[in-house]
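A short worksheet on the structure shown next.
Here, each number is a calculation from the coordinates, and none is a lab measurement. Note that the coordinates shown come from a computational prediction; the quantities given were computed from them, not determined experimentally. For neighbour counting, all protein chains shown are included, and Cβ atoms are generated from backbone atoms with ideal geometry for every residue, glycine included.
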Amino acid sequence: MARIALLAGLALALAGSVAYAGDGVCKALVRGPAGDHVRVALTVAHGAVVAGDVVWSPVLTSAPGADASLFQQLDIRYMHAAAADRLGEPGEVGLTVTRQAGSINDLASASAQLVADDGDSWRGTTPGRFGALVRITFAVHVPEQHVNVHPDLLGRIETLAALTLHLRSAAGQEISSAHADLTAHAGRDELVRKAWAQADARAASPEPCA
């Protein structure tokens, strides 16, 4: 009963009086001119939006003398966004890396590190891979599953100016590195508004999302 009441309250906060189509997850992706992008997923249940999930992927540039082609994207995920202008605290920071033949055969055995502009650092874990891609998690907070990894990174991500990513082999050899600029909040927020509006329009259309 408590969960039903919570969902109903969240639905009112998210959707107001708008009537939505059948249950499903309505998604949208919007890219910025610099190459960053935002993905929004709105969960519809019982005629209302009951959950918002936003992922921001800032621009990655190669560190001096490095090849950042292995890095697909850095994701900063807001799992419990109440609205386009109310993202809340991030719930996950992760990196997707491409597995390529060459300097290393299996990126799942590699180590990854994020270094902030003030010198603080966090190591990532590789719990699994997806085809030619490897997913590296640096921080995640899922209270309902009692998962809490590097909460200090999640708490600081909104105030950090930049992060440097390092990927090293099992022997400690640097494979690649890249730089992420985290200062473009105005551009991010504009992308969130556009993607949220697109996902919301799909949720409100007569045909339910898949």
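Packing, taken as the mean count of other beta carbons within 10 Å per residue, orders the peptides 158-169, 114-125 from highest to lowest as 158-169, 114-125.
The distance linking segment 47-89 with segment 131-175 is 13 Å (Cα centroid to Cα centroid, whole angstrom).
What would the Debye equation give as log₁₀ I(q)/I(0) for segment 113-193 at q = 0.12, 0.15, 0.21 Å⁻¹, counting only Cα atoms as equal point scatterers? Each listed q corresponds, in turn, to -0.45, -0.69, -1.17.
Placing +1 on the Cβ of every Lys and Arg and -1 on the Cβ of every Asp and Glu, with no other charges, gives segment 121-178 a dipole of roughly 200 debye about its Cα centre.
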